[in-house]
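In what follows, a structure is listed as C-alpha cells, so that the remarks can point back to it.
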Amino acid sequence: MTGLDGQGPDLKKELDATLHARRELGEEYESALVDSFLEKVDQRIDDAVERRVRRQVAEQQLTAARGSRSPDAADSWGERFGFGIVSLVLAIPLSGIGAGTAGLRGLLVAWAGIVGVNLVQAARTTPDLFRGRRGGDSGWED
C-alpha cells in the first residue's frame, strides 16, 4: 500500500472506510462501494494531471515569452550528437564529389557548406552559444 501512502492520508482513510462499509453492508454492496472508491481515486488522478498540465503550459508560455526554445539537456545533446555523426558520414562523399569535380576549390566549398550547416544547427540547439557574455560573467558559479 505504499502507493496510497504517497497520495496522502485522505485516500488511505477513504479506502479504510470503504473496506469497513463493505464488512458492515455485505457483498451485495461491494460493487457500489468499489465504484465509489474508484471514482474518488479517478478524481484525485485527474486533479494531479490537471495541475501538471497547467504547470507545463505555464512553463511553455514563459519560455515562449522569453523568445527562446526550452533547453532540454538530454534532447539537445542527443540531437547535436546525431547531427554531428550524420554530418561526418555525409562529409566523406561530399568531399570526394567536390574534390573530384572542382579540385581544391570544390573541396573547400564542400567543407564550408558542412561547417555552415553545423554552425546553424549549433546555434539552433544552443541559442546562447554565439551571444557575447556581458559584465565579465565567466559562467562559473562562485
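For the reader, a short list of remarks on this structure follows.
- Selected residue (only one of 97, 114 is of a type in the set (Val, Ile, Thr), surrounded by 14 or more Cβ atoms within 10 Å (Cβ to Cβ) and modelled with pLDDT of 85 or more): 114
- Scanning segment 31-66 for residues that are small (Gly, Ala, Ser) and within 18 Å of the chain's Cα centre (by Cα), we see that the one that is modelled with the highest pLDDT is 58.
The values are calculated or read from the model by the stated rules, or taken from the named source; none is laboratory data. Note that this is a predicted model, so its numbers are computed, not measured. In this analysis, Cβ positions are derived from the backbone assuming ideal geometry, glycine residues included, and neighbour counts consider all displayed protein chains.
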